[in-house]
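Written below as C-alpha cells is the structure these notes are about.
The values are calculated or read from the model by the stated rules, or taken from the named source; none is laboratory data. As the structure is a prediction and not an experimental result, all values here were calculated from the model. Glycine gets a Cβ as well: all are built from the backbone with ideal geometry, and neighbour counts include every protein chain shown.
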Amino acid sequence: MKNALLKKIKVIAMDVDGVMTDGRIIYDGDGLELKFFDVKDGYGISRARREGLKTAVISARSSTAVKARAKDLKFDKVYLDAYPKLSSYEKMLKAFGVSDEEVCFIGDDMPDVAILSRVGFSAAPANAVAEVKKIVDHVTVQEGGRGAVREVIEIILKAQGRWGIE
C-alpha cells in the first residue's frame, strides 16, 4: 500500500450508487426509491469524521434515500445531480481548502474516472467496472454497499496511525 499517499489524505469523497450501495435501484409500489446501505460503511464514515477527516458525496443522481443517509452520517458536503462530477469536485476542493493529493475518492463507474484520475488516493469496490479497476490505487475486497467504504477508510486511518479500539 502507498503509505505516503495515505498519510496526506484529509478528505474522503465517494459516489453513492455502486459504492455506498450495491448499485440496485428499487422502487416500492408508490414509486418511492429504496436503497440498501451497509452499517459497517456508516461506522467507517462516522469514524473518519471523528478522526478529523472531511467527508463528501458526489453523485450524478439525487434521491430522498441518499439525502437521508447523508444527513444521518453528517457528511460535510453533499453534491447530488452532479453530472459531470468534476465541477462538483472542484467546488469541494475550494470549500475544504485542499489539493488533489489530499483527497481520496471512491468510485465504481465511468462517470467517476475524471475524479479518480486526479486524487491523491483512488479506490474502487470489488464490483466496479473493469475500466475503473485498472486505473485506481486500490480495489477493495468488499463490494459496493457491502463494506467497501469502511475498508478504504480503515486503510487510510491505519496508515495515519488513527485506527484502534475506541
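For the stretch 89-148, how many residues meet the condition of being β-branched (Val, Ile, Thr) and exposed (fewer than 15 other Cβ atoms within 10 Å of the Cβ)? Give the steps one after another, and end with the answer.
We begin by selecting, within the stretch 89-148, every residue β-branched (Val, Ile, Thr); these are 98, 103, 106, 113, 115, 119, 129, 132, 135-136, 139-141.
Checking the rest, the ones that are also exposed (fewer than 15 other Cβ atoms within 10 Å of the Cβ) come to 135, 141.
Number satisfying all stated conditions: 2.
Only one residue in ILE165, ILE153 is more than 14 Å from the chain's Cα centre (by Cα) and either surrounded by 21 or more Cβ atoms within 10 Å (Cβ to Cβ) or modelled with pLDDT under 95 (or both), so which one is that?
Values: ILE153 fails: more than 14 Å from the chain's Cα centre (by Cα).
Being more than 14 Å from the chain's Cα centre (by Cα) and either surrounded by 21 or more Cβ atoms within 10 Å (Cβ to Cβ) or modelled with pLDDT under 95 (or both) holds for just one of ILE165, ILE153, which is ILE165.
Listed by first and then second residue, the pairs with beta-carbon distance under 9 Å, at least 6 apart or on different chains, first residue in the stretch 37-49 and free of Cβ contacts under 8 Å to residues at least 40 places away in the same chain and among the polar types (S, T, N, Q), second in a helix (DSSP H, G or I) and crowded, with 17+ Cβ neighbours inside 10 Å, are SER46/LEU73. The residues of the stretch 108-135 that are touching a Ser or Thr at 6+ places or on another chain (Cβ under 6 Å) and either among the small types (Gly, Ala, Ser) or without any contact (Cβ under 8 Å) to a residue 24 or more places away in the chain (or both), listed by number, are LEU116, ALA126. Scan the stretch 67-79 residue by residue and report those that are in a loop (DSSP other than H, G, I, E, B) and in contact with a helix residue (DSSP H, G or I) (Cβ under 7 Å, 6 or more places away or on another chain). Result: LYS74, single match.
Quickly run through the stretch 39-52 and pick out the residues that are out of contact with any helix residue (DSSP H, G or I) (no Cβ under 7 Å at 6 or more places or on another chain) and assigned to a helix (DSSP H, G or I). Give the derivation first.
Of the stretch 39-52, the ones out of contact with any helix residue (DSSP H, G or I) (no Cβ under 7 Å at 6 or more places or on another chain) are 39, 49-50, 52.
Answer for the stretch 39-52, where residues must be out of contact with any helix residue (DSSP H, G or I) (no Cβ under 7 Å at 6 or more places or on another chain) and assigned to a helix (DSSP H, G or I): VAL39, ARG49, ARG50.
The set of residues in the stretch 80-128 that are within 12 Å of the chain's Cα centre (by Cα), more than 19 Å from ALA159 (Cα to Cα) and either among the acidic types (Asp, Glu) or not in a helix (DSSP H, G or I) (or both) comprises GLY107, ASP108, ASP112, PRO125.
Summed over the stretch 96-127, the residues that are under 19 Å from ALA4 (Cβ atoms) and either in contact with a strand residue (DSSP E or B) (Cβ under 7 Å, 6 or more places away or on another chain) or modelled with pLDDT under 95 (or both) give a count of 11. The residues listed here are THR55, THR21; of these, the one that is buried (at least 17 other Cβ atoms within 10 Å of the Cβ) and outside any loop (DSSP other than H, G, I, E, B) is THR55.
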